[in-house]
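> Have a look at this one.
The values are calculated or read from the model by the stated rules, or taken from the named source; none is laboratory data. All values reported here derive from a predicted model rather than from experimental measurement. All Cβ positions, glycine included, derive from the backbone under ideal geometry; neighbour counts span all protein chains shown. Areas reflect the complete protein model, heavy atoms only, side chains present, ligands, DNA and RNA absent. Shrake-Rupley method; radii C 1.70, N 1.55, O 1.52, S 1.80 Å.
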Amino acid sequence: MMQFYSQSIIRRFVSIGKHTCVCVLRNKSGMEEKGAASLETTIANRNLSLKTPKGTRDYGPKATAIRQRLLDRVVRVFRKHGAVTIDTPVFERKEVLTGKYGNDSKLIYDLKDQGGELLALRYDLTVPFARYVSMNNISSIKRYHIAKVYRRDNPQITAGRYREFYQCDFDIAGTYDPMLPDAECVKVVCEILAEAGAGEFVIRLNHRKLLDGMFAMCGVPAEKYRSVCSSIDKLDKTTWDDVRRELIEQKGLDGITVDRITPYVTLHGGLELLKQLTEDEQLKGSQTACEALDDFRLLFQYCEIFNVSNLLTLDLSLARGLDYYTGVIYEAILLDNDKQTSVGSVAGGGRYDNLVGMFNPKRKQQVPCVGVSIGVERLFSVLETRSINRIRTNETEVFVASAHKGLHLKRLEILNQLWSAGFKAEHSYKLNPKLLAQLQHCEDYQIPNAIILGESELNRGIVKVRRISSRKEVEVTLDRLVEELRCRLSTEL
């Protein structure tokens, strides 16, 4: 209920949620001060609870501009390679996602049943893509998909690790000759990181068949292959002693088997290592390992032609814990200034030949797939740190300013002329703004050009066009204004 107070009482109207309250600060006797302080304390405590959910963040204008430009560059590369785009629901039936991610399945966000279906938020874009291919009976497609995914993970915001984040996927589905699609996926990753200005990076490579052959040779039971992979995949974050302890105490391997694995999973290198593995007598006895090494020889040959082979390194500790990988797997790692220290994975992917068939076991012909996912949030975190203070948040090309009072109608007329000609233009929403304030707005928002209207100039049929960076002005007749601006903007590109 709203109450009325005498004029001697100073009041403050405070909005809390949907309710408007009158906060009485003081009256002549000062008797209301305590109540006012209590209400202000309540408001302060309420503000402290205003935060985004754990593992998420807001993106302001500068951050959003950086991310959008990054996404634009990613899309240009995808389209350059002939990919079409699709979209899928943000949630899937839970049975679609279950059993596809190994130990990571515990990170899937389940949704409360509200319509007779058990649903879950999508964990990645690969499984929904495979479901889409199977459901629509597609035999071949090259697609990209950019959308948010959700993981009930332990977030590390400073490292670009979130519970809600964008993925940018590029996949090639269809039956093709070995390593041709795989090599193009590697090329796509290299082009995107170069286009984004990510700095020095390396592509780590391994092969699920090489791991399987190595495990069999070392005595690992077949039913534990994927479980062992998830442990070995932690070697980029922890020591071999910790992984060894996990393999023995949690995965149930005996010490002798683990010690046989050790010499292999610590290997990394380029063509020299590939030659060494090819000549390994024990690996020669494994058909699956030999198939993997043949794939690597083709992949290095194709990547040499693509001028990216110097960025590849074999790393037998790379396992990528997801269950659906069947062949080549890879991961892009950004390097620190010394080009030796990793600052995190920004892309990953590989071959998954059986995933589509899991959704339709009766389908006679399998649809092999290979793809890559760009970790755009982690890449964004790197770029944001470098450029947050230099980024433009708008694309305005010209600002229409007035130097005298009473010119707002003429401003609107010229503004409409510029919009009709396709220019990105704006003006002040004040009828009679100060010229200095208008020019300061241009500098603050990095708007490159300003059209300045003055009474005497308009009487002569001209306006002044000012380049904000140099502050140089030229007089231009109104009938040549559009032509002059187009000329200026073409030289600024």
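> Below 19 Å, Cα to Cα, which lysines can K80 reach? Residues fewer than 8 away in the same chain don't count.
K142, K187
> Shifting gears a bit: Please give every one of the aspartates and glutamates within straight-line cross-link reach of K106, meaning a C-alpha to C-alpha distance under 18 Å, and leave out same-chain neighbours fewer than 8 residues apart.
Partners found: E92, E95, D124, D153, E164, D233, D323.
> Compute, for the chain, the length of the dipole vector about the Cα centre, with Cβ point charges of +1 (Lys, Arg) and -1 (Asp, Glu) only. Units Debye, rounded to 20. Let's see the in-between values first.
On the way: 71 positive and 63 negative charges, 470 e Å.
Dipole about the Cα centre, nearest 20: 2260 debye.
> Pop a pseudo-label 7 angstrom from the Cα along the beta-carbon direction at both Q156 and D58 and give the gap in nm to one decimal.
Once both label points are built, they end up 2.7 nm from each other.
> Pull up the cross-link candidates among the lysines for K51, meaning alpha carbon to alpha carbon under 22 Å and not fewer than 8 places away within one chain.
The reachable lysines, counting only those whose Cα sits under 22 Å from K51, are K18, K62, K148.
> Can you work out the PRE-style zone for L409? Point 7 Å along Cα to Cβ, and I want the residues of the stretch 457-491 with backbone N under 16 Å.
Correct set: 458-459.
> How much of C290 can a 1.4 Å solvent probe reach, expressed as accessible area in Å² and rounded to 10?
About 50 Å², ignoring ligands and nucleic acids.
> Something else now. Taking 0.36 nm per intervening residue step and subtracting the Cα-Cα distance, what contour gain separates E291 from R471 on full extension?
Details: separation 180, 0.36 × 180 = 64.80 nm, distance 6.61 nm.
That works out to 58.2 nm of additional length.
> A follow-up question, please. Please give, to one decimal in nm, the separation of the simple spin-label points placed at N354 and E484, each 7 Å out from Cα toward the Cβ.
Between N354 and E484, the simple spin-label model gives 7.1 nm.
> Using DSSP to define loop residues, name the GluC sites (Glu not before Pro) in the stretch 149-211 whose beta-carbon has at most 15 other beta-carbon atoms within 10 Å.
Values: sites: E164, E184, E191, E195, E200; in loops: E200.
When the GluC sites (Glu not before Pro) of the stretch 149-211 are filtered for loop state and at most 15 Cβ neighbours within 10 Å, E200 remain.
> Roughly how many Å² of D479 are accessible to a 1.4 Å probe, to the nearest 10?
130
> At 7 Å along the Cα-to-beta-carbon direction for both I256 and Y176, put a label point, then send me their distance in nm to one decimal.
Rounded to a tenth, the inter-label distance reads 4.6 nm.
> Per-residue accessible area for M135 at 1.4 Å probe radius, Å² rounded to 10?
Roughly 130 Å² of M135 is accessible to a 1.4 Å probe.
> Can you give the FRET efficiency for Y429 and S105, using 1/(1 + (r/R0)^6), R0 = 51 Å, r = Cβ-Cβ distance, to the nearest 0.05? Intermediate results must be reported in sequence, preceding the final value.
Values: r = 53 Å, r/R0 = 1.04.
For Y429 and S105, the calculated efficiency is 0.45.
> Here's something else I'd like to know. Tell me, what ³J(HN,Hα) does each residue in the stretch 429-439 have, in order and in whole Hz, if you take phi through Karplus 6.51 cos²θ - 1.76 cosθ + 1.60 with θ = phi - 60° and put x for Gly and Pro?
Working through the residues one at a time gives 8, 9, 5, 10, x, 6, 4, 4, 5, 5, 5 Hz.
> Once you charge only the Cβ atoms, +1 for Lys and Arg and -1 for Asp and Glu, what is the size of the charge dipole of the stretch 183-276 about its Cα centre, to the nearest 20 debye? Numbers along the way, then the final one.
Details: 13 positive and 15 negative charges, 56 e Å.
In total the dipole reaches around 260 debye.
> What's the extension gain from E279 to K362 if we count 0.36 nm per residue and subtract their Cα-Cα distance?
Values: separation 83, 0.36 × 83 = 29.88 nm, distance 4.07 nm.
Full extension from E279 to K362 adds 25.8 nm.
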